[in-house]
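> Here you go, one structure.
None of the figures in this text is laboratory data; all of them are computed from the coordinates on show. Quantities reported herein were computed from a predicted structural model and do not represent experimental measurements. Cβ placement follows ideal geometry from the backbone for every residue including glycine, while neighbour counts extend to all protein chains displayed.
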């Protein structure tokens, strides 16, 4: 990959060397973040999407431009660029990092999740969900509202709740559907008035009253 920095270097080598490195680096990066970004750069090199080594001007520019992304977003970008074709650039990689493929996490798309939540039979906790996030989004939105309100009114609310829960899943949180409580083998039904009278009479007989 030949980006603008390489073009400048080839045309004006002396001027490029004279530029201070501070214009390409982000001094506030933690050691951990630098390590993550260096590892990402090496992965990109192994896929021939970039060609210069860690520490180069191109790498330092990449480091600066990616410094605001989380580790999960960086991993997401690396996962999605496996089959990347075309001109690879920092903006292109950022787009891959920011655009999450829900299917990679077993999550249905928002519209499909909405339809699933609306059509799920009762009791909801026992329904077969494609992912627990759909159930949790239904809980946050309200089953009654999902069943009674027009799609144009309730879908934006569901989509908002679903998006928040999906972000928690992508961040590594374990989202589950609660396990229904088992029905006790013996149910103690309240006694009738006649049963109470009979029990009292038996108690009196036993006491000799």
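> To the nearest 0.05, what FRET efficiency results for residue 84 and residue 109 with a Förster distance of 25 Å applied to their C-beta separation?
0.70
> From the P(r) of segment 105-170, can you give the percent of Cα pairs sitting at distances over 17 Å?
30
> Rank by packing, highest mean first: peptides 32-39, 169-176, with packing defined as the count of other Cβ atoms within 10 Å averaged across residues.
Order by mean packing, descending: 32-39, 169-176.
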